[in-house]
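The values are calculated or read from the model by the stated rules, or taken from the named source; none is laboratory data. All figures in this text were calculated on a predicted structure; none of them were measured in a lab. Don't worry about glycine lacking a Cβ; one is built from the backbone with ideal geometry, like all the others, and counts go over all protein chains shown.
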Amino acid sequence: MENLWFCAGAALFFAALFAWGFRVLPREEWQFLAVTPVKRLSNSVWDGLNLTWYGFFNALAQLIALLFFLVLTASSRIPPATAVATILLLMSVAMPASRLLARLIEKKPGTATVSGGFFMGLVCAPAAVFLARIITGTESVVACPPVFAAMAIAYAFGEGVGRLGCLSFGCCYGRLLSDDPRSLDRFIRPFGIVFTGKTKKISYASGWEGRPVWPVQAATSIIHTIVGLSAVCLFLSGKYWLALFATISVTQIWRIVSEFLRGDYRGEGKFSVYQLFSVLAVLFVILSFPFFDPAGEPADLAAGMKAIGSLPMALFLEAWFAFVFLYSGRSSVTGSSVKFHVKKENI
């Protein structure tokens, strides 16, 4: 019963977050969270560094993904130290790869790709688990299948929440609805997303400010979250490979389909490199089946929840949130000028 309540509570949280985010984040005022002055331009004007809501929601997404990963691995009797070491090793590869691959594919310096970072993380996952077991001295007590399944589930939630950041920054947007057949346009238009703000990517890259586009980000959030919650139920019942396969297959098939609905530049060719990454990811998971037991021991959710309640774990999660926010939230494609003055009427 506790498993059901856990999933139901998570579902309510995501439903409330998405209902709010889908409605307000495409607005102009939800792109920048703060501006900090970095260089004086004149006596009262400074060049500013823009800190974005994109960075905030990216950090929130990774925090939520990390929480699910830690709870699920601990519930399957994986030591928290090993789980933390695994995720740090993976992110040390995936985060730089997401920027490097995007630059190589899209030929733009100020961009990143979740798809590329995820694929590199998936390929490196076995090595990361192996090294984490050695580093933490837990070779004999760590079973790999639960770790891989928990990684996949964490990815699903991470990208699902992370798409709120895309809504805020106006990136990863869909095609114009007016470009589709009238019958399809009429059906989808009530769900179309309209972005406002000249500094949104959809505005300066495509000139589509104020025009309804396919709700690709919102659909991705919903699909990833639903499959993530379903996979959590499979995981807690000990069906680790099924949880892994369901998560990767659904998210990557949707990735292939959604690429055809995207309106932003995805590289050359009708079938993008990102879609190829998705195909390879599904094949990679299928080939992993012989290394999984058909059914493992059911997970202990209560033990998993206790693992994230310690002070060191709380400090680690806070530090990770701050790091990701500063890593991804500093805008390199927008600028600002900050002017300071004294309000003489309040002196």
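Among the candidates Leu70, Leu4, Leu33, which residue alone is assigned to a strand (DSSP E or B) and under 23 Å from Ser221 (Cβ atoms)? Before you say what the answer is, go through the steps one by one.
On the way: Leu70 fails: assigned to a strand (DSSP E or B); Leu4 fails: assigned to a strand (DSSP E or B).
The conditions single out Leu33.
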> Taking Ile222, is it surrounded by fewer than 22 Cβ atoms within 10 Å (Cβ to Cβ) and under 26 Å from Glu2 (Cβ atoms)?
Replying inline: yes
> In the stretch 9-20, which residue that is small (Gly, Ala, Ser) and touching a helix residue (DSSP H, G or I) at 6+ places or on another chain (Cβ under 9 Å) is farthest from Leu72 (Cα to Cα)?
Replying inline: Ala15
> What number of residues within the stretch 51-74 satisfy the criterion of being over 21 Å from Thr113 (Cβ atoms) and in contact with a Phe, Trp or Tyr (Cβ under 8 Å, 6 or more places away or on another chain)?
Replying inline: 3
> Only one of (1) over 22 Å from the mean Cα position of the chain (by Cα); (2) in a helix (DSSP H, G or I) fails for Val38. Which number is that?
Replying inline: (2)
> Trp254: more than 23 Å from Arg103 (Cβ to Cβ), among the aromatic types (Phe, Trp, Tyr) and either modelled with pLDDT of 90 or more or touching a strand residue (DSSP E or B) at 6+ places or on another chain (Cβ under 7 Å) (or both), yes or no?
Replying inline: yes
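Take Gly329 and decide whether it is over 30 Å from Pro79 (Cα atoms) and at pLDDT below 85. Before you say what the answer is, go through the steps one by one.
Numbers: over 30 Å from Pro79 (Cα atoms): yes; at pLDDT below 85: no.
Considered against the rule, which asks whether it is over 30 Å from Pro79 (Cα atoms) and at pLDDT below 85, Gly329 comes out as no.
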> So how many residues does the stretch 102-115 have that are surrounded by fewer than 22 Cβ atoms within 10 Å (Cβ to Cβ) and either part of a helix (DSSP H, G or I) or touching a strand residue (DSSP E or B) at 6+ places or on another chain (Cβ under 6 Å) (or both)?
Replying inline: 4
> Out of all the residues in the stretch 160-173, is one or more modelled with pLDDT of 90 or more, out of contact with any Phe, Trp or Tyr (no Cβ under 8 Å at 6 or more places or on another chain), of a type in the set (Gly, Ala, Ser) and assigned to a helix (DSSP H, G or I)?
Replying inline: no
> Looking at the stretch 46-64, is at least one residue of a type in the set (Val, Ile, Thr), surrounded by fewer than 18 Cβ atoms within 10 Å (Cβ to Cβ) and farther than 17 Å from Gly304 by Cβ?
Replying inline: no
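Out of Ala152, Ala128, Ala132, which single residue is surrounded by fewer than 24 Cβ atoms within 10 Å (Cβ to Cβ) and in contact (Cβ under 8 Å) with a residue 40 or more places away in the chain?
Details: Ala152 fails: surrounded by fewer than 24 Cβ atoms within 10 Å (Cβ to Cβ); Ala132 fails: surrounded by fewer than 24 Cβ atoms within 10 Å (Cβ to Cβ).
Within the list Ala152, Ala128, Ala132, the selection yields Ala128.
So which of Ile105, Ile87 ends up being of a type outside the set (Phe, Trp, Tyr) and closer than 19 Å to Tyr265 by Cβ? So that I can check it myself, show each step before the final result.
Values: Ile87 fails: closer than 19 Å to Tyr265 by Cβ.
None of the others qualify; the one that does is Ile105.
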